[in-house]
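Input: a single structure, listed below in structure tokens.
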Amino acid sequence: MTRALLIDTDPGIDDAVAIALALASPEVNVIGITTVGGNSGLAATTRNALRLLEFFGRSDIPVASGYDEPYGRAKMETGYEPVHGNDGLAGVDLPEPTTKAVSTDAPAFLADKIRNSPYPVTLIAIGPLTNIAHLVDKHPDVIPMIERFVIMGGAARTGNVTPVAEFNIWHDPEAAKRVFASGINTVMVGLDVTHSVKTHEHLWGWLKDGSKFGNVFDHILTSYTDFYSMFYGERMTHQHDALAMAEAIWPNMMELEPAFIDVECQGDLTTGMTVTDTRLRNDVKPNGYVAWSIDGDEFHTRLMSALAALASTVG
Ligand code: RIB
Ligand code: CA
């Protein structure tokens, strides 16, 4: 059965790849996208969601904008524009959207879609968890209606923004803490798995075909690769969000382990750390799963096949 998919996102280059993967996968039906501040400000991430959907020919999918300010602290000027560019998509040549976000805010939009979906709902968050924290605060009745909740975020071991914190959690740790404590069973697709998969630049060679799709994705992925090359010395990227999307589309594609996950919000050195307890003693009840591994070759095969299929409809 096709599952209904709701995507909360901060596009974002790897978010754009993840959204494309979802749209090209018949296993899921994307019934809505909500936007959040993270990789760029809310205005930019909302503009990007709208113009990406228009580019994909999917302006039928409603977009609701959410929160720019973090749930639990003042917004920090991350200075992370170098990763995704000031506009969130590396200055890509994409027309302004002709559509607008719906008037409903993200939490109310998500709650309405969850309450009224005739199909089981998977919710995936591939940006900071700000909107999801407001969702569980304002609409707790929908928590048991969510069949599966997958996030790109966190790390049981090594971080990216700091030695122990991953960006989506670090950007709004109080939101993440609230979500993990909310009763939603969370599949945490963190850096433990996303850093284990390197998408080397040659895998994107097929984009250099002069097509509209190829030109757009070649531009944003070359920029993303330039960033990673600067930091890691290799012409590769980590497709964090597309990996989480793969787990949402194909459940248990990853090796998952039950865990009790909480978030450090105070530590000078550890704020944003997802403290992941897999001891599972009688006094520790899991509130989710931590993802440890995936078959990287299989992921790349499915990703490139899906994107090529979508590219054929875009031209
Ligand atoms: O740490 C990786 C995450 O931060 C991804 O979701 C990327 O888009 C950025 O938001
Ligand atoms: Ca993201």
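Projecting label points 7 angstrom from Cα along Cα→Cβ for Ile143 and Asp262 puts them 1.6 nm apart. Ranking Asn252, Val263, Leu221 by Cα position along the charge dipole of segment 220-268, where only Lys, Arg, Asp and Glu carry charges on their C-beta atoms, puts Leu221 farthest toward the positive end. Counted over all Cα-Cα pairs of segment 1-87, pairs farther apart than 16 Å make up 52 percent.
Take 188-200, 121-133, 30-42 and order them by the average number of nearby Cβ atoms within 10 Å per residue, most first; the result is 121-133, 30-42, 188-200. Helical runs (DSSP H, four residues minimum) scored at -39500 (n - 2.57) apiece and divided by the length of the chain put the mean residue ellipticity at 222 nm at -11000 deg cm²/dmol.
Put simply, when 211-218, 243-250 are sorted by average Cβ atoms within 10 angstrom per residue, most first, you get 243-250, 211-218.
Other residues lying with their Cβ under 13 Å from the Cβ of Gly272 contribute a combined charge of -4, Lys and Arg counting +1, Asp and Glu -1. Highest mean packing comes first when the peptides 54-64, 16-26 are listed by Cβ atoms within 10 Å, giving 16-26, 54-64. Cross-link pairs exceeding 26 Å between alpha carbons, from the set Lys100/Lys138; Lys75/Lys198; Lys75/Lys177; Lys100/Lys208; Lys113/Lys198; Lys113/Lys138: Lys75/Lys198; Lys100/Lys208; Lys113/Lys198.
Between Ser103 and Val314, the FRET efficiency from the beta-carbon distance, with R0 = 30 Å, is close to 0.55. Shape annotation for the chain: C-alpha extents along the principal axes are 58, 45, 39 Å, from largest to smallest. Membrane-span-like helices in the chain, defined purely by DSSP H runs whose alpha carbon atoms cover 18 Å or more axially and whose average Kyte-Doolittle hydropathy reaches -0.5, are 42-55, 212-232, 296-314. Legend: calculated FRET efficiency, Met230 to Asn185, from the Cβ-Cβ distance at R0 = 45 Å, rounded to 0.05, equals 0.75. Net length available on complete extension from Met1 to Thr278 is 96.5 nm, with 0.36 nm assigned per residue and the Cα-Cα distance removed. Only alpha carbons enter this Debye calculation for segment 130-193, each as an equal point scatterer, and the log10 of I(q)/I(0) it gives at q = 0.13, 0.21, 0.23, 0.26 Å⁻¹ is -0.35, -0.82, -0.94, -1.11. The slack in the chain from Lys285 to Ser196, taken as 0.36 nm per residue of separation less the alpha-carbon distance, amounts to 29.3 nm.
Each value in this text was obtained by applying a stated rule to the coordinates, not by laboratory testing. Fair warning: this is a prediction, and the values are worked out from it, not measured in the lab. Cβ sites come from the backbone with ideal geometry, for glycine too, and all protein chains shown count toward neighbours.
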